[in-house]
Every structure is written in C-alpha cells, then in structure tokens.
1. Quick check: the angle from helix 32-45's long axis to the longest principal axis of the chain, C-alpha only, nearest 10 degrees?
2. Separation of the stretch 14-39 and the stretch 71-105 by C-alpha centroid, Å?
3. Net charge within 12 Å of G46 by Cβ-Cβ distance, Lys/Arg positive one each and Asp/Glu negative one each, not counting G46 itself?
4. Too long at a 25 Å Cα-Cα cut-off: which of K57/K263; K57/K191; K307/K335; K284/K307; K2/K138; K175/K263?
5. Cut-off under 19 Å on the C-alpha distance; same-chain residues fewer than 8 positions from K302 excluded. Which lysines are left, in chain and number order?
6. Working out 0.36 nm times the residue gap between S70 and K2, then minus their Cα-Cα distance, what length gain in nm do you get to one decimal?
7. Would you mind getting me the FRET efficiency between I348 and K284? Use the beta-carbon distance for r and R0 = 25 Å, nearest 0.05.
8. When the dipole is taken about the Cα centre of the stretch 167-317, and only Lys, Arg (+1) and Asp, Glu (-1) are charged at their Cβ, what size is it in debye, to the nearest 20?
Amino acid sequence: MKLNLNIQPLNSWINTNGKPLIIAGPCSAETEEQLLATANMLAKTGKVAALRAGIWKPRTRPGEFEGIGSIGLEWLKKAKQETGLPVAIEVATAKHVEEALAAGVDILWVGARSTANPFTVQEIADALKGVDIPVMVKNPVNPDLSLWIGALERINNVGITKLAAISRGFTSFEKSAFRNEPMWEITIQLKTLCPELPVICDPSHICGNRELLPYISQKALDLEMNGLMIESHIDPSVAWTDAKQQLTPAALSGLIDNLTVRKAEPADAVAKDILADLREQIDKIDDQLIQKVAERMAVVDKIGEYKKDNDITILQLNRWDEIIKKRAVFGKALKLDEEFTTRLLELIHTESIRRQAEIMNAASPVTHK
Ligand code: PEP
Ligand code: MN
C-alpha cells in the first residue's frame, strides 16, 4: 500500500537552512511578557525556524488552565513582528481556524486529541478549504496509524499541500519512563507509506520531563525525521502547563548544539563502497536466516504429523521452557540481548504452534515434502 498525498517539500514553506527544522516556544501563551520574552530569547539563539505557543489548550480534565484564548493571538502578532519568525498554534475547531487566519498565524497544527476524532478533523479541514497554509498533524493519542493517516488525508483533500506529521508519542498501559510511548515503528510505517511527507518529532510530549529530551531528540534525527518541535519557556519552574518538560531558551540552545545530524548516505566513494559491501553481507545473512527458518518449519511440520498420528498434544510446556532457557544462554554468550533472543524464539514458536494446529485439524493425513 502506498499513501497518495499531494505534498510540497518542507523547504517550500519554511527556511531551515538545510538543517533539521526546529520549532520552539512555550506550551501555553500565558502573558504578553512571558510570550515576548521567550520568543525574543529563542530568536536570539539563531537556531529556531518558527515559534510555537498554545492559545487554546485541550486539557484532559476541566478546571485546568485551558489557554489564554484569542487575546494570545495579539501577543503572537507582536512576537512575530519583533523576531521576524513565523508563528504556529494548535487549532481544534473551525472558529480557531478562522481566528488564526485573521490574525496572520503562519502555521497551524492539529493536536493529538483532535486527530483521534474524525469529526473534529473534518471540521478543521472544512474551515481550511481554499486556504494556503502549512498544517502539521500530530499523531492521535492512541496507537492507531489509520487515524493519523485519515487526518492527514482529510486535511490534504481540501487542498492543503504544505503538510507535515508530528510524532508525539502514544498512550500506553505499560509502565514507562516516557509520558507518551514513542512507538517509533508507527512513525516509520507512516514514512514508509509516504516517504515525501515531512515528519517532525515532538520530544517534549514524548518525554514529559527535561532529562530525556536529548536522548529522544537525537533518536528522532537518527530515524531521519525532518525536525523537532520542543517546548521552551522563559522560566519553566513557573509555567502554567507542562512545567516539568519545558526548557529555558538557553537550555534549548545547548540541547541543539549537542545534537549530531547524521547523513542518510555517506558522501565519499570509499565510504560508499564499504557500506555497500557491508549491506551485501547483511543481505546474504538475511537470506540464510530465512532459509534456516523455513528448514526449521519443515521439521516442525514433521513433528506435527507425528503428534497427530500418536495423539500427542501440540504444546509441551516443559520442552518449550527448556528451549527458551538453553537458547537464551547461548544467545547471551554470543552477545545477543537476552530479551531479544526470547522474543525472537517466541515469535518462531507461535508460528510453529499455528502450523502444527493446522496439521492436527486437517481432515485427512497431510503429506509434507
Ligand atoms: C501541545 O503541543 O502543547 C499539546 C497539547 O500537545 P499534544 O496535542 O501532543 O498533547
Ligand atoms: Mn504542552
């Protein structure tokens, strides 16, 4: 499956000077002073391509600060005037879109809670019909790639071609160090379906704290994401929302300095040859791996037939326990991560059981070559 979106490249709507796009600014616009001070400090770093601020805040529970509202648009206008930087805000209703457009906001984004609701996304999309403005779509709070794609399609269908996705992590029941699990595989899947779609990472909402920000930011760049949106506040200790995850503009500047931007491909011919040779080795090993797995499955089938003929159950826990233990020790000796070895074996085991169940349930004796 390929995703058919009509997309313009990132550098057609924002100047990043060939570097990853950095969007920064407070979680929420709180006061005119706070917004302008933060914006000016961020602009002074020379490392930020656009300013962000939440004006209307979607809160999980009522009673929390729900955003300063329309007055914030006036402050953003000033911030834009003073810094010369384009400004970005979240919109969640048609009215938000209309007000943002009237105030000259440069970039809009759809928040994670909105993306999860197709009615909301369609309302936003309808308000954008005939408008030429960049729109960034955050992943939905729940790990559902189709919802994310659906939102991008709805926005693209009304003619928005300056489109980007934002990876901000997903709600998970697993206990984790992150506020929202990155679940990189979902973003990678999106990239695979639509390679021309720019994808930005939002490390702030993935981490939920300052400490993990450098790790996630670097990881995002290493996964070839096109940029980062990071929350920055002039004084995070007194921030009205998301205080734990915001950075001062100076700290943000330090974080950016410490990031390594790696190339997708080596530039010189010698390095290219070395890489090509190593990739050839990997391809060969992968072929052998698949062949070996197929050989294993052929033996599994034979065992299945034997079990069927002799009325023996498929699953034999003792034997399975022994396999896992022995192989995990072997894997460890070969410097493989124990959990990885276990997961790999479990996957193979599940498939083996599935095949044997098929053999057991076949009406007549099955012949396997
Ligand atoms: C935000 O960017 O401040 C925000 C509310 O993010 P999300 O929609 O990802 O929760
Ligand atoms: Mn926030």
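1. Taking the Cα atoms of the chain, the angle to 32-45 is about 70 degrees.
2. 12 Å
3. Details: positive: K19, K44, K47; negative: D257.
In short, +2.
4. Numbers: K57/K263 37 Å; K57/K191 28 Å; K307/K335 35 Å; K284/K307 35 Å; K2/K138 20 Å; K175/K263 34 Å.
Violating the 25 Å limit, Cα to Cα: K57/K263; K57/K191; K307/K335; K284/K307; K175/K263.
5. K292, K369
6. Details: separation 68, 0.36 × 68 = 24.48 nm, distance 3.96 nm.
Between S70 and K2, full extension yields an extra 20.5 nm.
7. My answer for the efficiency is 0.75.
8. Values: 17 positive and 25 negative charges, 75 e Å.
Dipole size: approximately 360 debye.
The numbers here are math on the coordinates, done by the rules we state, and not lab data. All values reported here derive from a predicted model rather than from experimental measurement. For neighbour counting, all protein chains shown are included, and Cβ atoms are generated from backbone atoms with ideal geometry for every residue, glycine included.
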